[in-house]
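Below you'll find the structure, written out as C-alpha cells, and then a few comments.
The values are calculated or read from the model by the stated rules, or taken from the named source; none is laboratory data. Small disclaimer: the values here were computed from a predicted structure and weren't measured. Methodologically, a virtual Cβ is constructed for each residue, glycine included, from the backbone with ideal geometry; neighbour enumeration extends over all protein chains shown.
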Amino acid sequence: MKRSIIIHPDPRLKKVCAPVADLSDDLRKLADDMLETMYDAPGVGLAAPQVGVLDRLIVLDCVKDKGDAPHPLIMFNPKVIASSDELNTYEEGCLSIPEQYAEVTRPKVVDVTWIDRDGKERKETFDGLWATCVQHEIDHLNGKLFIDYLGPMKRQMITRKMQKLKRDRARV
Ligand SMILES: [Zn+2]
C-alpha cells in the first residue's frame with residue numbers, strides 16, 4: 001500500500017526518531033509500503049518520518065539503470081560506524097522537497113550496521129551514490145534534511161518554494 005509523503009516544512013521531519021525495539025509484522029508492512037512508495041515516486045531512498053512514522057527505519061535502492069536488477073534494502077536502526085576522510089559531492093534531492101536539488105558534500109565511503117527485515121544484524125560498506133543515499137536517509141532519522149547543509153539564503157528560498165507548493169496543493 002502506497003503511503004503519502006510529507007512535504008517540508010513539517011515538524012515531523014525535524015524529530016529524532018526512536019530506535020526499533022522489536023520487529024513486528026506492522027513494521028515489516030511499513031517497510032514494504034515504504035519501498036512501494038519510494039519506487040512509485042520514483043526515488044532512491046525513503047525514511048519512515050517522511051511517511052509520518054517516527055521510527056528508525058529507512059529503505060533504499062540506488063540501482064539507477066532500468067535494465068539492472070533492483071536491489072532493495074530495508075534497514076532498521078541503521079548506523080554509520082565508520083566514514084572515510086575522502087569526500088564526495090553529489091547533487092541531492094529529496095522526496096519531501098520535490099524538484100529541488102543542491103550539491104552536498106559527504107564522506108565518500110561509509111560502513112553501516114543495521115537490522116534487516118528478518119531481524120538479522122547486517123554490516124556493509126557503501127561507496128558512491130549508495131553512500132550518499134544511506135547518509136541522507138539516516139539524517140532523516142535525526143531530523144536533518146539535505147537543505148540543512150546549505151547556506152541560510154538557499155535554504156530559505158527552497159523552504160518558501162515548498163510552502164507555496166503546499167498552499168497550491170491544498171487549494172486543488
Ligand atoms: Zn530525503
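Taken together, the criteria place Ile147 among residues that are over 20 Å from Val63 (Cα atoms), β-branched (Val, Ile, Thr), within 15 Å of the ligand (Cβ to nearest atom) and part of a helix (DSSP H, G or I). The selection criterion, being surrounded by fewer than 19 Cβ atoms within 10 Å (Cβ to Cβ), hydroxyl-bearing (Ser, Thr, Tyr), out of contact with any Phe, Trp or Tyr (no Cβ under 9 Å at 6 or more places or on another chain) and over 22 Å from Asp10 (Cα atoms), does not hold for Thr159.
Residues that are in a helix (DSSP H, G or I) and touching a residue at least 40 places away in the same chain (Cβ under 8 Å) were ranked within the range 35-56; the one that is surrounded by the fewest Cβ atoms within 10 Å (Cβ to Cβ) is Val51.
Here the condition is being modelled with pLDDT of 95 or more, out of contact with any Lys or Arg (no Cβ under 6 Å at 6 or more places or on another chain), within 24 Å of Leu23 (Cα to Cα) and within 11 Å of the ligand (Cβ to nearest atom); of Val44, Val53, Val59, it holds for Val44 alone. Just one of the numbered conditions (1) away from the ligand (no atom under 16 Å from the Cβ); (2) loosely packed, with under 14 Cβ neighbours inside 10 Å; (3) not in a helix (DSSP H, G or I); (4) not acidic (Asp, Glu) is not true of Tyr101: (1).
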